[in-house]
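The structure appears below as structure tokens.
Rule-based calculations on the coordinates, nothing more; no lab input. Nothing here was measured: the structure is a model prediction, and the numbers come from that model. No Cβ is skipped: glycine too gets one built from the backbone with ideal geometry, and neighbour counts run over all protein chains shown.
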Amino acid sequence: MRLRDQLDGRRILLTGVTGFVGEALLQRLLTDLPGAEPVVLVRPKAGQPGRERVAAMLRKKTFAAAAERAGGVERLLDRVGVVEGDLADVPELPTDLDVVVHCAGDVSFDPPIQDAFTANVLGTHGLVTRVVRAAQGAGRPIHYVHVSTAYVGGHRRGPVPERSVAHDVDWRTERDAGLRLAARIEDDSRQPALLTELSAAAKREHGRAGPMTTAEDAERRRRDWVRDQQKAAGGERARSLGWTDVYTFTKALGERVVEELTSGASPDLPGAPALPVSIVRPSIIESALAVPYPGWIEGYKMAEPVIMAYGRGELPDLPAAPDGIMDIVPVDHVVSALIAVCATEPEPGSPQYFHVSSGARNPLTFQRLYELVREHFERHPFDTGERGAVPLATWRFPMAQKAERLLAQGETAHRVAERALGLLPRSDRVRDLSRDLDRTRDRLQFLRRYLDLYRAYTQVELQFVDDNTLALHRALDPADLETFGFDTAVVDWTEYIRDIHCPSVTAPIRKYDALRKRRQSTGDPAPRRLDGDPAGVLAVFDMDGTLLSSNVIETYLWLRMPELDGAGRLREVSRLLRSLPSYVGAERRDRGGFLRAVYRRYAGADLHELDALVDEVVMPHVLERVSGQALRRVREHRAAGHHTILLTGAVRPLTRPLAPLFDTVVAAELAVDGQGRATGILASPPLVGESRAAWLVRFAEVNGYDLSRSYAYADSHSDLPMLRAVGRPTAVSPDVPLYRAARSARWPVETWRTPPATARHRVPDLSHDTTGVGLP
């Protein structure tokens, strides 16, 4: 019989339809099997019921042909039954089901141990239990089809038969131990010694930003530690029992759950009937050969990171046996096999097994895969811009030990370079170096992850026997062979890898590269469009390092030097130089303490005389350091009607040259005695780090401003909390820590350069200028 006739009127429940295989299977049922009645188990999301999630999926290009045939998405949706639920708590299933296809599961190679057990063991247990109960309620069998992986056999060599995996691992014991281990790691993460270590690391990086920013980062480090340890625990337990990773380990235990619960003799389901069961084991599932269209793929699978890294020049070699088999199967072959399996009627209590793979009869070696990928990039190289096409590495397929040694050397060199970078003064060149180091770090992390996770798959010497699958293919009605055939021996690897798969997976990057080149060809990007509605918008500017190239020590000298003779200037500079190491240390520990230390030098200064000195002598020095780009940005905000704020740690007299440009000026206030002379202490704590953010939040609340629409400009990592407080932050000529934070958050990064000329800028009286456009 034709498959469409065998499955006509059959109600087929699918799990995992929002995943790669599940979506492809639903697409085939709706497109090529008009009489089938698919039902999907879908988890609702906040504000989006399960039926709406399915409707959104049916609007994708994948279902375009099916929607057109049905007369629109809404009519197509009418063909799909929706059961809302989750594998963590599987709801009661309809009793009119004929087949259940379990496509869901955690397919990551290194999930935390509890996630792997929850998805692949507990989820399977919950679903199969519901299927058995539904069959009991219906008084007839329901065919359960379980999608596993061909790699469930673990570290074996030679032919792998299509039958139950031989092992004596108790899935209940491992499940309970794995969940306990994950909980113990969570508890261990709160031990004082570890918390002290993590807090110290966070303080080294974020201490200047403030204690809450440091605490937030320390907690992030704790969570990362927990996740890393839970991942490592799963991998180590799997490898100790002979599996490649926790993914294949828990998938093997999931198969054992299926075999037990459907046998009719499970202690968990006393008196339950045996069920007909099929276990389908695909190898490495990649893009479609033909259906729904050539190259269709969603997300990165196993081969894509390697292909992309090679094409980008980031994978110099592959630690694999060149004659090893990369067992790839197109997703449409997997789906066709699943449909054929759904049409079978296995004996209850006697599971049937199918390998959907290619290595036994149409092997693709790593050497051949490399050659085809290289041919693709030789014809269609990635373009890096000015440097032209990315040079392609020649793979020698080194042994894993050599690759590990070279990787370790690279990681050591990167750590040394990072330490050296921290000693360099900020500049465009240093920011470029930090970006290069970040790229190197990402490359090393990719290589480390690849080496650790994929090593077992690149060194395997397995051959998945697919006799049952081939017999099922040959049993198809001849009229179904073109539409539903799944014999992987017919796949032409040159056509599939070089001409279909590589173009498909590289297309998004090529679109991005083309966009980048268009931007480069048109010069600098268009000026930022400011919010046209002035109501409720702030524009906050730091001063030193942002609006002008200066620092508090330099500005102190501007005020101090005019009143000293030559010998006095020499003595003052000498004293400053002697104090400089302590100042640098204080600045790195706590910027507030650093400012307090410097401002003690103002003790005895007459505040009115300082104001006059700034107006008469220092103003030109300040203004010649102001960036023209900074002035233009301030003007733009004033012209847009935004409330402009100068928020600085500099002493107030030094803000006088720029004060006319700002609606509000917040600066360090020097405390004075009864004679108006500075005491050497501040009238209030300096606004630095988190205190700036707190002041800004309070100012916005009291005065009715919307920080989500407001702007902030700063140059220092200590200003990170302030920048995070607004919706439109910009890092200006930033230091390396802020530069990295800005790139990570995708904030704009701008360089406001100080004019090289020494021409003086004049600030006229702007008391009657409502736009603030007064500076040249």
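Please sort 657-663, 480-486, 418-424 by packing, taking for each peptide the average over its residues of neighbouring beta carbons within 10 angstrom, highest first.
In descending order of packing, they fall as 657-663, 480-486, 418-424.
Given Cα positions, please report Rg to Rh for the range 1-86, the hydrodynamic radius being the Kirkwood one.
Rg/Rh for the range 1-86 comes to 0.95.
Given H placed on each backbone N at 1.01 Å, which residues far from residue 81 in sequence or on other chains put an amide H within less than 5 Å of it?
So residue 81 has HN proximity to 39, 40.
Contact order normalised by length for the range 156-261, with contacts defined as Cα pairs under 8 Å and 6 or more residues apart; what percent is it?
23
Between (i) 33.3, 107; (ii) 38.1, 152; (iii) 27.0, 86, which entry matches Rg and Dmax of the Cα atoms in Å as derived from the coordinates of this structure?
Here Rg and Dmax of the Cα atoms in Å agrees with entry (i).
Per residue of the chain, what 222 nm ellipticity follows from adding -39500 (n - 2.57) for every DSSP H run with n ≥ 4, rounded to the nearest 500?
-14500 deg cm²/dmol
Quick one: of 251/402; 60/251; 231/301; 301/511; 301/402; 60/301, which pairs are farther than 24 Å apart, Cα to Cα?
251/402; 60/251; 301/402
Got a sec to turn the phi values of the range 295-310 into Karplus ³J(HN,Hα) couplings, 6.51 cos²θ - 1.76 cosθ + 1.60 with θ = phi - 60°, whole Hz, x for Gly and Pro?
x, 4, 7, 10, x, 8, 9, 8, 7, 4, x, 5, 4, 5, 5, 5
Would you work out which of 462, 401, 354 lies farthest towards the positive end of the dipole of the range 340-469? Charges go on Cβ: Lys and Arg +1, Asp and Glu -1.
The Cα lying farthest towards the positive end belongs to 401.
Amide H of residue 672 versus every other amide H placed in the peptide plane: which residues, excluding those fewer than 5 positions away on the same chain, fall under 5 Å?
679
What ranking do 468-477, 437-446 get when scored by the average of other Cβ atoms within 10 Å per residue, highest first?
468-477, 437-446
What is the magnitude of the charge dipole of the range 607-699 about its Cα centre, with +1 placed on the Cβ of each Lys and Arg, -1 on the Cβ of each Asp and Glu, and no other charges, expressed in debye to the nearest 20?
420
What is the chain's relative contact order, in percent, from Cα pairs under 8 angstrom and six or more apart in sequence?
12
In whole Hz and in residue order, list the ³J(HN,Hα) couplings for the range 118-126 that follow from phi through the Karplus curve 6.51 cos²θ - 1.76 cosθ + 1.60, θ = phi - 60°; x for Gly and Pro.
Result, rounded to whole Hz: 5, 6, 8, 10, 5, x, 5, 4, x.
Among residues other than residue 493 whose Cβ falls under 14 Å from its Cβ, what is the net charge (Lys/Arg +1, Asp/Glu -1)?
Computed value for this residue: -3.
Do you know the relative contact order of the range 307-404, to the nearest whole percent, from alpha carbon pairs under 8 angstrom that are 6+ apart?
This gives 51 percent for the range 307-404.
When DSSP beta bridges are limited to those with both residues in the chain, what percentage is antiparallel, rounded to the nearest 5?
15
Expressed as an acute angle from 0 to 90° and rounded to the nearest 10, what is the orientation of the C-alpha long axis of helix 246-261 relative to the principal long axis of the chain?
On a 0 to 90 degree scale, this one is about 40.
Taking the highest mean first, how do the peptides 123-130, 646-653 order by number of other beta carbon atoms within 10 angstrom per residue?
The most tightly packed comes first, giving 646-653, 123-130.
Using alpha carbons only, how many degrees (0 to 90, rounded to 10) separate the axis of helix 20-32 from the longest principal axis of the chain?
Helix 20-32 and the main axis of the chain meet at about 50 degrees.
What Kirkwood Rh does the range 321-400 have if only Cα atoms enter the pairwise 1/r average? Answer in Å.
16.4
Would you please give the residues with an amide H less than 5 Å from that of residue 356, counting only those at least 5 places away or on a separate chain, with H modeled from the backbone geometry?
Close amide H contacts, sequence-distant or interchain: 281, 283.
Against the longest alpha carbon principal axis of the chain, how many degrees, from 0 to 90 and to the nearest 10, is the axis of helix 331-342 turned?
40
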